[in-house]
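Worksheet: one structure, shown below.
The values are calculated or read from the model by the stated rules, or taken from the named source; none is laboratory data. The shown structure was predicted, so the numbers you read here are calculated from the model rather than taken from an experiment. We place every Cβ from the backbone using ideal geometry, glycine too, and count neighbours over all the protein chains shown.
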Amino acid sequence: MMSIAEIETAVRYEVPVVVVICNDNGLGAEVHMLDVFRIPSEIATHTTPSFAAVAQAFGAEGYTVRTEADFAALEERFARPVTGPIVIDCVVNPRVRGDWVEALHSMFARAAASSSGTELVRD
C-alpha cells in the first residue's frame, strides 16, 4: 500500500510493467515473525482493498487471482503485448508459511524451552 501511487505514475507514462501483489490482508512476513516471537499477530493484519480495482481506478489493467483457474484465464491476456501497467492481485492464505519460517519458529521454541531460555539451538 505504501507505493500504490506508483501505479498512477506508470499509467501516466505508459510504462509496460506487470506488478504481482501477494495479498495476505496483512503485512506479510511481519505476521509470521510476530507468531515466531509469540506476539499477537493481529496487530499486523488488516483489510485491504481490491488492488485490481485500485489499479483500474488509476487507469491500469487489474486482475484478481484466487485460484489456478484464475491464472489460466490470464493466459489469453498475456498472449498480447504489455503496453501499460498491469496489476495482478493474488489473494493468498495468510496462514501458509515458508519452510524458513517454520524452521525459525522451531528454533525459537526450542530455545525458549532450554534451561537458560537464551541460547539458540540449530539443527
Open item on the list: Looking only at segment 1-19, filter to residues that are touching a strand residue (DSSP E or B) at 6+ places or on another chain (Cβ under 7 Å) and surrounded by 17 or more Cβ atoms within 10 Å (Cβ to Cβ); which one of those is nearest to residue 113 (Cα to Cα)?
Closed with: 19
TODO: Give the number of residues within segment 1-51 that are among the aliphatic types (A, V, I, L, M) and within 14 Å of the chain's Cα centre (by Cα).
DONE: 10
Task: helices (runs of 4 or more DSSP H) enclosed by segment 20-123 - at least 3 residues per element that are loosely packed, with under 13 Cβ neighbours inside 10 Å, on the phi > 0 side of the Ramachandran plot and not hydroxyl-bearing (Ser, Thr, Tyr) - done: none
Open item on the list: Cβ contacts < 6 Å: first residue over 14 Å from residue 107 (Cβ atoms), restricted to segment 26-43; second residue surrounded by 17 or more Cβ atoms within 10 Å (Cβ to Cβ) and of a type in the set (A, V, I, L, M), any location; separation 6+ or different chain. Result?
Closed with: 26/44; 27/44; 30/44; 31/44; 34/44; 41/31; 41/34
Open item on the list: Cβ contacts < 8 Å: first residue among the polar types (S, T, N, Q), restricted to segment 14-25; second residue in a loop (DSSP other than H, G, I, E, B) and at pLDDT below 90, any location; separation 6+ or different chain. Result?
Closed with: 23/48; 23/92; 25/46; 25/47; 25/48; 25/94
